[in-house]
Amino acid sequence: MNTEPKKFNLNKYFALTKASILEELSFRANYLVTFLGNLIYLCVIYFLWKAIYNSSPHDIVNGMTFSDTFIYLVLASAMFNFLETYVVWIMAKDIQTGKIVVDLIKPMNYQLYTFFYFSGIYITYFFITFMPTFLIVLFFTWGKIAIGINLVFYVLSLILALIINFCIDFLVGTICLYTESIWGTNIMKEVVVLLLSGATIPLAFFPETLRKIVEMLPFQAIYNLPLTILTSNNTDPSGYFQAIAIQFFWVVVMIILSALFWKKSIKVITVNGG
Amino acid sequence: MKIKKKTNTLRYYAHIYRMILAQDLKSKMNYRADFIISNVGIIATNVSGFIAFWIMFQNFPSILNWTYYEMMFLYGFSLIALTPVQLFFDNNWNLRFQVYSGDFIRYCFRPINLFFYYISEVFDIKGIGQFAFGAGTLIYAWKNLGLSVTPLIILKLIIALFSASLFMIAIMNIAAATCFWITNSGIVMVFMFNFKDYARYPITIFNSIFRFIFTFIIPIAFIAYYPSLIFLRPDNVPLLTYLSPFIGIIFFYISYKVWITGAMQYSGTGS
Amino acid sequence: MNMEPIIQIKNVSKEFKVLNRREGLMGSIKDLFSRNYKIINAISNITMDIMPGEIVGYLGPNGAGKSTTIKMMTGVLKPTSGEILVNGRVPYENRTKNAQNIGVVFGQRTQLWWALPVIESFKILKEIYRIDDKVYNDNLELYNNLVGVKELYSKPVRQMSLGQRTLCDILAAFLHNPSVVFLDEPTIGLDVTMKSKIRELITELNRVKNTTVILTTHDMGDVDALCKRIIIIDKGTRIYDNSIENLKDYFGAYRTLKLMFSKNPEDNTEENLNKIAAEIQTSLHKEFPSAENIAVCSNEEWIDIFINEDEIKMMEIMNFIQNTRNIVDVKITEISTESVIKKIYEGGVK
């Protein structure tokens with residue numbers, strides 16, 4: 001019945017990437033507002049942490065200076081803006097309206113289909129909302145972000161972070177096969193990911209035991225590892241390799257977990273309505 | 001005579017609101033899982049905010065002379081003040097969909113205030129969890145700060161919370177009403193809604209430009225900072241704190257007028 | 001009839017200022033600062049009186065100004081000039097007071113609470129309109145006698161079919177005994193049995209309560225079943241206001257001659273038939289230049305020829321066509337309301 005060719009052809013998936021880039025580009029005003037929101041957030045973070053550091057007797061807290069913390073948090077929020085593409089919402093809506101059936105009968109792997117559908121959004125958001133924020137931070141803190149091998153590893157690390165993040169989204173989206181409460185499910189995911197990944201507060205500030213636990217979870221591979229790579233300045237790349245290896249481990253684990261969970265769920269649950 | 005008519009109208013609206021609310025709650029009870037998960041979700045958001053604060057204060061003893069418990073006070077106060085907008089005005093989030101699809105017109109034919117009728121339709125239960133968490137945080141801070149509890153203070157607290165809640169309601173009314181004029185109002189709403197998270201910080205951490213913006217343009221400083229000064233800095237309360245109930249009412253009234261004007265203008269032209 | 005009209009519309013016009021939007025991002029930024037308006041006359045100088053208890057069909061093509069007129073009568077919209085009185089009151093000066101005495105149904109847009117069972121919606125409406133217990137109970141009993149909807153009452157609106165929803169919306173619109181009810185395409189999207197059920201309901205409610213009904217529709221079945229009087233507007237002006245009989249008398253000499261040239265479905269493709277219709281139209285106009293009202297169109301496998309017998313006899317046309325084509329089947333029909341209205345839209349009545 002399924003006549004999918006044995007040879008794995010990526011072209012059809014890249015077609016999805018292109019289509020979703022074009023679709024995204026038609027919402028130009030959204031970028032302007034998102035970017036403006038980033039700028040305001042950037043200012044708020046600046047003043048807040050400036051005040052925090054001013055109230056402290058030390059210039060360096062837990063190995064981080066004010067500018068380290070500032071760069072870390074602003075870029076974390078800029079990363080959040082391009083990583084949060086509402087995968088959960090869209091999957092849940094498709095499940096509830098029954099539209100998912102149309103996607104399931106396409107001769108494609110659903111998880112890959114979804115990933116490539118969103119890839120265009122990731123790419124557009126990366127260039128339109130993340131890059132400007134990055135450049136502004138780079139410019140205003142000139143000299144604080146090292147320009148060298150760390151940038152190369154950062155980009156690599158970002159891609160791995162994106163895949164881990166997508167797999168978590170996909171996993172949570174799959175949970176929506178079981179519950180009608182999309183808002184509640186999604187907000188819990190967001191909260192857990194943001195806090196435990198070190199996006200709200202750098203992991204360096206966490207109390208010892210808490211940090212030890214969090215470092216064993218996949219979440220820190222999304223924000224903490226890439227941002228640590230970016231803000232560090234090592235000429236010896238062995239530390240970078242170690243971080244990438246940890247991320248790679250989580251990529252493999254999360255892909256397997258999310259794919260297995262999806263496979264199991266889709267068998268158990270019949271799609272609502274039609 | 002006129003006053004009697006006014007109170008009658010008020011009673012009429014209160015009665016109708018209660019009725020719709022009771023029915024709405026009854027039908028929502030059919031979705032108990034959603035009720036529980038949404039509330040757990042909103043509590044989780046705030047627990048995470050709470051943990052972030054806690055971690056921050058593990059490293060820094062105070063922020064510009066604001067202690068941990070004082071910051072907790074601001075946080076709890078802001079959560080309670082942000083509860084009414086969540087509980088009672090959530091239908092604003094649906095407004096743009098109704099307007100773009102033309103369905104909004106169906107609200108225009110009842111012998112009852114249009115804004116009231118529209119807003120009364122949705123009661124968002126998530127607000128309950130937020131309120132519970134906010135109240136817990138506020139009591140925790142209150143106790144640890146050793147603040148007194150007298151009937152007068154309680155009265156002040158209620159007035160302060162009530163007027164503080166008007167500001168976010170007004171901001172969201174205006175943000176939602178932009179859909180009567182522009183097509184991208186969803187992003188405007190998200191943009192404005194995110195400002196609520198900055199309400200939990202003392203405004204003194206910002207420079208003068210941001211202080212001005214957060215006081216007079218997007219007045220989130222009234223959500224927690226200004227009213228809290230009555231309790232936290234009773235010897236040094238600025239005039240703006242005492243004026244905040246009046247400013248709140250005026251601001252709410254303006255937002256209501258903007259909303260209604262947009263609605264009437266739209267209903268004429270749309271579809 | 002010595003009654004006072006329940007709705008009086010006198011020389012009413014409505015203009016809209018419409019923004020000429022510029023294109024692109026720069027365009028929308030420019031729009032923020034300098035606006036370029038154009039004035040559209042949605043309604044120009046309409047006058048009409050409607051008597052209590054009438055069912056009036058308010059017809060016109062899409063965009064003719066029907067809903068603008070209704071919005072003005074319901075007080076949502078203020079006319080640019082002229083005067084409207086509903087129940088002796090100016091609607092837009094007090095929208096809420098006016099709303100107390102009218103009911104409105106919009107075909108596909110329910111005004112009931114989506115998540116609530118219908119009966120709970122009714123109870124809320126009872127409070128909103130401050131309906132007496134007696135009136136309310138009498139109405140529920142009446143509804144039960146008319147359509148027997150008791151088992152529907154406990155069902156939430158979102159679980160209903162479109163037909164059930166429309167039915168309940170109509171009942172809700174009559175609940176507070178309004179003197180005027182506006183029905184905007186009440187039968188749109190419904191199947192045949194539901195349509196006739198709804199038409200019966202409207203007729204009965206109008207008969208029992210003597211409620212004035214203003215009905216806009218594109219379904220001529222609604223018009224035939226419900227309306228004695230129709231008002232037709234187009235491009236904002238009234239082009240017809242009289243009884244439906246009068247209209248048919250006017251077109252009494254009109255017939256539709258239906259011809260079929262082949263029973264083979266392969267010959268009867270839409271494309272082919274349209275071509276034949278166009279050819280016949282040109283040749284008829286050439287042959288009988290005095291018969292101005294001849295119109296030819298394809299209709300499924302038939303070719304319809306619209307003829308005014310005061311101008312030309314039907315047999316002449318048949319003979320003429322038979323000379324060049326082979327006719328396999330013939331039908332002659334009275335003119336339907338549908339084609340009369342279509343004729344009026346196209347400018348057939350001066």
*Show the residue pairs that are 6+ apart or on different chains and have beta-carbon atoms under 6 Å apart, the first residue being within the range B:12-41 and within 18 Å of A:Y178 (Cα to Cα), the second being open to solvent by 30 Å² or more (accessible area, probe 1.4 Å) and part of a helix (DSSP H, G or I).*
B:S38/A:W183; B:G41/A:I187; B:G41/A:M188
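Among the residues of the range B:197-209, write down those that are surrounded by fewer than 18 Cβ atoms within 10 Å (Cβ to Cβ) and of a type outside the set (G, A, S). So that I can check it myself, show each step before the final result.
Here is the first cut: in the range B:197-209, the ones surrounded by fewer than 18 Cβ atoms within 10 Å (Cβ to Cβ) are B:197, B:204, B:207-209.
Answer for the range B:197-209, where residues must be surrounded by fewer than 18 Cβ atoms within 10 Å (Cβ to Cβ) and of a type outside the set (G, A, S): B:D197, B:T204, B:N207, B:I209.
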*Out of the residues in the range A:143-166 that are farther than 22 Å from A:L217 by Cα and either of a type in the set (K, R) or touching a Phe, Trp or Tyr at 6+ places or on another chain (Cβ under 8 Å) (or both), state the one that is most open to solvent (accessible area, probe 1.4 Å).*
A:K144
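Rundown of residues vs (1) part of a helix (DSSP H, G or I); (2) in contact with a helix residue (DSSP H, G or I) (Cβ under 7 Å, 6 or more places away or on another chain); (3) within 19 Å of A:T200 (Cβ to Cβ), yes/no style:
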{"site": "B:T45", "(1), (2), (3)": "yes, yes, yes"}
{"site": "B:I80", "(1), (2), (3)": "yes, yes, no"}
{"site": "B:F109", "(1), (2), (3)": "no, yes, no"}
{"site": "B:Y118", "(1), (2), (3)": "yes, yes, no"}
{"site": "B:F123", "(1), (2), (3)": "no, yes, no"}
{"site": "B:I128", "(1), (2), (3)": "yes, yes, no"}
{"site": "B:Y140", "(1), (2), (3)": "yes, yes, no"}
*Which ones in the range C:284-335 are assigned to a loop (DSSP other than H, G, I, E, B), open to solvent by 80 Å² or more (accessible area, probe 1.4 Å) and of a type outside the set (S, T, Y)?*
C:P289, C:E292, C:E300, C:D310, C:K313, C:N326
*Residue satisfying condition, being modelled with pLDDT under 80, outside any helix (DSSP H, G or I) and not hydrophobic (A, V, I, L, M, F, W, C), within set A:K7, A:K12, A:K18*: A:K7
_Among (1) in a loop (DSSP other than H, G, I, E, B); (2) open to solvent by less than 30 Å² (accessible area, probe 1.4 Å); (3) under 24 Å from B:F252 (Cα atoms) - the single one B:V99 does not satisfy_ = (1)
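Scan the range C:105-127 for residues that are assigned to a strand (DSSP E or B) and at the interface with chain B (Cβ under 7 Å from one of its Cβ atoms) and jot them down. Steps first, please.
If we filter the range C:105-127 for residues that are assigned to a strand (DSSP E or B), which is where we start, we get C:105-106, C:109, C:117.
Selection gives C:F106, C:R109.
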*Restricting the range A:42-63 to residues that are more than 8 Å from chain B (Cβ to nearest Cβ) and within 27 Å of the chain's Cα centre (by Cα), which is surrounded by the fewest Cβ atoms within 10 Å (Cβ to Cβ)?*
A:G63
*asked:* Only one of B:I249, B:I223, B:I254, B:I230 is farther than 30 Å from C:G63 by Cα, more than 14 Å from every other protein chain (Cβ to nearest Cβ) and crowded, with 22+ Cβ neighbours inside 10 Å. Can you tell me which?
replied: B:I223
*Hey, any hits in the range C:274-283 for a residue that's part of a helix (DSSP H, G or I), of a type in the set (D, E, K, R) and either modelled with pLDDT of 85 or more or in contact with a His (Cβ under 7 Å, 6 or more places away or on another chain) (or both)?*
yes
_Subset of the range C:66-104 [away from chain B (no Cβ under 11 Å), surrounded by 22 or more Cβ atoms within 10 Å (Cβ to Cβ) and modelled with pLDDT under 90]_ = C:K66
_Members of the range B:182-205 that are in a helix (DSSP H, G or I) and hydrophobic (A, V, I, L, M, F, W, C)_ = B:I187, B:V188, B:M189, B:V190, B:F191, B:M192, B:F193, B:F195, B:A199, B:I203, B:I205
*Members of the range C:270-297 found to be touching a Leu at 6+ places or on another chain (Cβ under 9 Å) and over 17 Å from C:V340 (Cα atoms), listed by number*: C:I280, C:A291
*List every residue pair whose Cβ atoms sit under 7 Å apart, with the two residues 6 or more apart in sequence or on different chains, where the first one lies in the range B:51-65 and is within 7 Å of another protein chain (Cβ to nearest Cβ) and the second, anywhere, is assigned to a loop (DSSP other than H, G, I, E, B) and β-branched (V, I, T).*
B:A52/A:T200; B:A52/A:I201; B:I55/A:I201; B:M56/A:I201
*Mind checking which residues of the range B:61-78 are open to solvent by 10 Å² or more (accessible area, probe 1.4 Å) and part of a helix (DSSP H, G or I)?*
B:Y68, B:Y69, B:E70
_Only one of A:I100, A:I90, A:I123, A:I128 that is open to solvent by 10 Å² or more (accessible area, probe 1.4 Å), at pLDDT 80 or above and closer than 24 Å to A:I187 by Cβ_ = A:I90
_If I filter the range B:79-91 for residues that are buried (at least 21 other Cβ atoms within 10 Å of the Cβ), in contact (Cβ under 8 Å) with a residue 60 or more places away in the chain and in contact with a Cys (Cβ under 9 Å, 6 or more places away or on another chain), do I get at least one hit?_
no
*If you take the residues in the range B:82-141 that are more than 17 Å from the chain's Cα centre (by Cα) and charged (D, E, K, R), which one is nearest to B:D34 (Cα to Cα)?*
B:E121
*asked:* Residue pairs, Cβ under 7 Å, 6 or more apart or interchain, first in the range B:244-255 and under 13 Å from B:S165 (Cα atoms), second open to solvent by 50 Å² or more (accessible area, probe 1.4 Å) and part of a helix (DSSP H, G or I). List them.
replied: B:P245/B:I159
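Right, C:N137: more than 30 Å from C:F16 (Cβ to Cβ), of a type in the set (S, T, N, Q) and either touching a strand residue (DSSP E or B) at 6+ places or on another chain (Cβ under 9 Å) or more than 8 Å from chain B (Cβ to nearest Cβ) (or both) or not? Before the answer, list the steps.
On the way: more than 30 Å from C:F16 (Cβ to Cβ): yes; of a type in the set (S, T, N, Q): yes; either touching a strand residue (DSSP E or B) at 6+ places or on another chain (Cβ under 9 Å) or more than 8 Å from chain B (Cβ to nearest Cβ) (or both): yes.
Criteria met by C:N137.
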*Which pairs have Cβ atoms under 8 Å, sit 6 or more apart or on different chains, and link a residue in the range C:309-320 that is closer than 11 Å to C:I332 by Cβ to one that is aromatic (F, W, Y) and part of a helix (DSSP H, G or I)?*
none
*Return yes when A:S258 is polar (S, T, N, Q), over 22 Å from A:T69 (Cβ atoms), more than 20 Å from the chain's Cα centre (by Cα) and open to solvent by less than 20 Å² (accessible area, probe 1.4 Å) and no when it is not.*
no
*Could you tell me whether the range B:26-43 includes any residue that is surrounded by 10 or more Cβ atoms within 10 Å (Cβ to Cβ), within 11 Å of another protein chain (Cβ to nearest Cβ) and closer than 15 Å to B:Y117 by Cα?*
no
_Number of positions in the range B:102-125 that are open to solvent by less than 20 Å² (accessible area, probe 1.4 Å) and either modelled with pLDDT of 90 or more or within 10 Å of chain C (Cβ to nearest Cβ) (or both)_ = 15
_Condition first: surrounded by 16 or more Cβ atoms within 10 Å (Cβ to Cβ) and in a loop (DSSP other than H, G, I, E, B). Now tell me which residues in the range C:128-147 satisfy that._
C:Y129, C:I131
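The values are calculated or read from the model by the stated rules, or taken from the named source; none is laboratory data. Here the structure is a predicted model, which is why all the values come from computation and not from measurement. All Cβ positions, even for glycine, are placed from backbone atoms using ideal geometry, and neighbour counts span all protein chains on display. Accessible surface is based on the protein model in full, side chains and every heavy atom, while ligands, DNA and RNA are left aside. Shrake-Rupley method; radii C 1.70, N 1.55, O 1.52, S 1.80 Å.
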